[in-house]
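S.K.: Just dropping this structure here.
Any read-out appearing in this document is the output of simple, stated calculations on the displayed coordinates, not a laboratory observation. Since the model is a prediction, treat every value here as computed from it, not as a measurement. When we count neighbours, we look across all protein chains shown, and the Cβ atoms used for this are built from the backbone with ideal geometry, even at glycine.
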Amino acid sequence: MSRRQRPARRTLLALCAATAVLATTVAAAPAVASQETASATASTTATAALDDTYYQGAIGKTGTALKSSLHSIIKNQTKITYAQVWTALKATDQDPANSSNVIELYTGRSISKSNNGGNSGQWNREHVWAKSHGDFGEATGPGTDVHHLRPEDVSVNSIRGNKDFDNGGSAVSGAPGNYTDSDSFEPRDAVKGDVARMILYMAVRYEGDDSWPDLEPNERVNNGSSPAMGKLSVLKQWNDEDPPDAFEQRRNQVIYDQFQHNRNPFIDHPEWVEAIW
Ligand SMILES: [Ca+2]
Ligand SMILES: [Ca+2]
């Protein structure tokens with residue numbers, strides 16, 4: 001090889017190296033995308049497996065037939081006491097970034113699992129379906145059903161009280177993105193769908209065929225002690241706007257595997273909200 005050719009060869013080698021780096025970079029991008037696809041595929045595969053087993057009797061149905069079928073499926077559950085709810089929430093709502101903490105529903109704050117209780121600054125057990133709506137209290141039953149119980153800051157839990165859900169109001173102190181007025185509460189965007197799916201789970205789970213009231217959503221606020229929760233049209237909108245994420249799906253799985261052995265169908269199949277209501 002002549003001297004004159006060497007620079008050209010170096011250029012060629014450099015070009016090859018650059019191309020190799022570029023190829024690696026280009027290859028890296030689809031790798032990330034394929035991981036996401038793999039995760040979504042795993043979730044789809046898991047749901048398909050549930051459709052063949054857990055949800056077998058409900059597949060292909062709509063309306064009241066679907067609701068009735070889902071009720072028969074999810075009413076088979078293990079029930080836990082109100083004291084055991086503390087233990088359950090420490091598992092179901094664990095902070096994915098810190099296993100010593102739970103995430104509070106409305107504030108979104110990560111707080112030590114052991115900082116639970118009734119004092120200001122602690123977390124306690126929020127009944128998303130307010131226990132006064134049907135007056136089921138804290139006895140083992142709807143009042144201890146972990147599918148609608150979440151860790152929440154004591155003060156913010158008190159501000160939500162037993163209000164129905166609707167859009168609007170003024171900002172909730174200590175809970176950015178949440179709004180409230182005299183008769184309703186609007187949770188932050190990231191949990192709007194979670195709230196909707198919890199309320200609608202309760203409506204399907206409790207149909208009045210046991211010792212508990214038949215819980216149902218309606219279009220009202222100020223439902224008081226009647227076994228109803230509003231507003232259905234807003235909850236349906238929230239279910240669309242905030243689809244189930246990994247945290248909510250894991251929570252459903254932990255309840256199924258470790259505590260109640262029943263599932264929230266609307267986390268597995270959010271489209272069933274529209275199929276029923
Ligand atoms: Ca969400
Ligand atoms: Ca019901």
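S.K.: Alpha carbons only, please: Rg and Dmax for the chain, in angstrom.
M.R.: My reading of the Cα-based Rg and Dmax gives 24.2, 96 Å.
S.K.: So if I place +1 on the C-beta of Lys and Arg and -1 on the C-beta of Asp and Glu, and nothing else carries charge, what would the dipole magnitude of the chain be about its Cα centre? I want it in debye, nearest 20. Intermediate values should be presented prior to the final figure.
M.R.: Working: 27 positive and 34 negative charges, 385 e Å.
The calculation lands at about 1840 debye.
S.K.: Translational D (Stokes-Einstein, µm²/s) of the range 146-274 at 37 °C and 0.692 mPa s when Rh comes from the Kirkwood sum over C-alpha pairs?
M.R.: 216
S.K.: Also: Can you give the local net charge around ILE59? Use residues other than it whose beta-carbon is closer than 9 angstrom to its beta-carbon, Lys and Arg +1, Asp and Glu -1. Don't skip to the end; give the middle numbers.
M.R.: Numbers: positive: LYS61; negative: ASP51, ASP52.
The answer is -1.
S.K.: Right, something else. Can you tally the net charge around GLU216? Count Lys and Arg as +1, Asp and Glu as -1, for every other residue whose Cβ sits under 13 Å from the Cβ of GLU216.
M.R.: Charge balance in the 13 Å sphere: 0.
S.K.: Exposed loop GluC sites (Glu not before Pro) only (DSSP loop, at most 15 other Cβ atoms within 10 Å): please give the longest stretch of the chain free of them, not including the sites.
M.R.: For GluC sites (Glu not before Pro) (loop position, at most 15 other Cβ atoms within 10 Å), the longest site-free span of the chain is 1-137.
S.K.: Calculate, for SER158 and ALA275, the FRET efficiency according to 1/(1 + (r/R0)^6) with r their C-beta to C-beta distance and R0 30 Å; round to the nearest 0.05.
M.R.: 0.25
S.K.: Too long at a 28 Å Cα-Cα cut-off: which of LYS61/LYS131; LYS90/LYS231; LYS61/LYS236; LYS67/LYS131; LYS67/LYS90; LYS90/LYS131? Before the final figure, lay out the partial values.
M.R.: Working: LYS61/LYS131 31 Å; LYS90/LYS231 30 Å; LYS61/LYS236 19 Å; LYS67/LYS131 22 Å; LYS67/LYS90 30 Å; LYS90/LYS131 21 Å.
In this structure, LYS61/LYS131; LYS90/LYS231; LYS67/LYS90 exceed 28 Å between Cα atoms.
S.K.: State whether the range 83-220 is rounded, prolate or oblate according to the following rule on the C-alpha gyration tensor (a ≥ b ≥ c being the square roots of its eigenvalues): a/c under 1.5 gives rounded; otherwise a/b larger than b/c gives prolate, and the remaining case gives oblate.
M.R.: Oblate shape, in that a/c is at least 1.5 and b/c is the bigger or equal ratio.
S.K.: Could you state the number of Å between the C-alpha centres of the range 177-233 and the range 237-271?
M.R.: 16
S.K.: Restricting to DSSP H runs of at least four residues, report the calculated mean residue ellipticity at 222 nm for the chain, -39500 (n - 2.57) per run over all residues, nearest 500 deg cm²/dmol.
M.R.: Dividing the helical sum by the residues of the chain leaves -14500 deg cm²/dmol.
S.K.: Give the long-range amide H neighbours of MET229: residues separated by 5 or more places, or on another chain, with amide H under 5 Å away, using H modelled in the peptide plane at 1.01 Å from N.
M.R.: GLU216, ASN218
S.K.: What is the magnitude of the charge dipole of the range 91-227 about its Cα centre, with +1 placed on the Cβ of each Lys and Arg, -1 on the Cβ of each Asp and Glu, and no other charges, expressed in debye to the nearest 20?
M.R.: In total the dipole reaches around 480 debye.
S.K.: Take VAL204, VAL254 and order them by how many other Cβ atoms sit within 10 Å, fewest up front.
M.R.: VAL254, VAL204
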